[in-house]
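The values are calculated or read from the model by the stated rules, or taken from the named source; none is laboratory data. These numbers come from a predicted model, not from an experiment. All accessible areas refer to the heavy atoms of the entire protein, side chains included, with ligands and DNA or RNA removed. Shrake-Rupley method; radii C 1.70, N 1.55, O 1.52, S 1.80 Å.
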Amino acid sequence: MFILRYIKDLGLRQAIEKQLNKVELANRFTRAIAVGNPREFTQAEKEEQEIAEACNRLIKNSIICWNYLYLTRQVNNCKDQQTRQTLLRTIAAHSPISWAHINMLGEYDFSEEKLKDTIGILPVKLAA
């Protein structure tokens with residue numbers, strides 16, 4: 001019965017396709033974060049595998065958090081209401097899972113000089 005409904009109902013097919021696209025995007029994001037072959041664990045022990053998975057999850061969540069911070073800043077910096085509404089509609093129609101702007105294989109500098117904030121988030125030492 002569901003198959004017939006799926007065939008007849010364009011809205012249902014589109015909703016299912018939209019959800020499948022989100023899942024595929026999340027899978028591609030996971031593969032982009034992983035180094036080497038993401039379908040294999042290079043760690044032998046279960047505890048090491050769990051640590052590696054937690055690190056991958058932390059990296060993904062950090063990228064998504066950065067994207068939200070950036071988008072929020074863009075919305076707040078809109079000059080007029082029409083541009084703001086257009087940006088909000090665009091954001092609502094898309095996913096914050098985006099990583100093309102992140103250098104996954106680069107070197108990262110976490111020195112005090114480079115950690116100066118440009119967004120307005122206080123360092124942990126000052127926020128407490």
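Counting just the residues of region 1-11 that are farther than 30 Å from Ser98 by Cα and among the aliphatic types (A, V, I, L, M), which one comes out most open to solvent (accessible area, probe 1.4 Å)?
This residue is Met1.
Please find, within region 12-67, the residue that is modelled with the lowest pLDDT out of those that are closer than 18 Å to Ser98 by Cα and of a type in the set (Gly, Ala, Ser).
If we take residues in region 12-67 being closer than 18 Å to Ser98 by Cα and of a type in the set (Gly, Ala, Ser), then Ala34 is modelled with the lowest pLDDT.
Confirm whether Leu71 is among the hydrophobic types (A, V, I, L, M, F, W, C) and at pLDDT 90 or above.
yes
Across region 109-121, which residue is nearest to Ile59 (Cα to Cα) among those that are open to solvent by 100 Å² or more (accessible area, probe 1.4 Å) and at pLDDT below 75?
Top of the filtered list is Phe110.
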